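Accompanying notes for the structure given below.
Each reported figure results from applying straightforward, stated rules to the coordinates on display, with no laboratory input. As the structure is a prediction and not an experimental result, all values here were calculated from the model. When we count neighbours, we look across all protein chains shown, and the Cβ atoms used for this are built from the backbone with ideal geometry, even at glycine.
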Amino acid sequence: MNVESLDDAGKKALKDFCVEMSSSMFRAEAERELQREAIKDFADKYEIDKKILRKMARVYHKQNFFTTVEEQNEFETVYKQVFETDRIAGQSGMPGEL
């Protein structure tokens, strides 16, 4: 189906859909801006890294703390296994390390 084959009711429905989606996108943009400002203000006031605050908020929202910790532990293990031979050979597997 294409737009040319839509009758007047279909075209009106498509227009209404676009208006509704645009309104939703506007609200989402406003919420993202509010989140950025809240993170910045808190980080400035309490001198906590914004990445940490963002991650804490995301983990709290998703209620997946244990999964996040498990995934980080798995990542750390794999990373060390892959780059451990580089460190032994005198190359760094981590920025700033020799």
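Tabulated results
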item	result
Percent of C-alpha pairs per 5 Å bin, the stretch 1-46, short to long	5, 19, 13, 13, 10, 9, 9, 6, 6, 5, 3, 1
Those aspartates and glutamates that a straight Cα-Cα span of less than 14 Å connects to LYS50, excepting residues fewer than 8 apart in one chain	GLU37, ASP41
Per DSSP, loop GluC sites (Glu not before Pro) in the stretch 6-83 with at most 15 further Cβ within 10 Å	GLU47
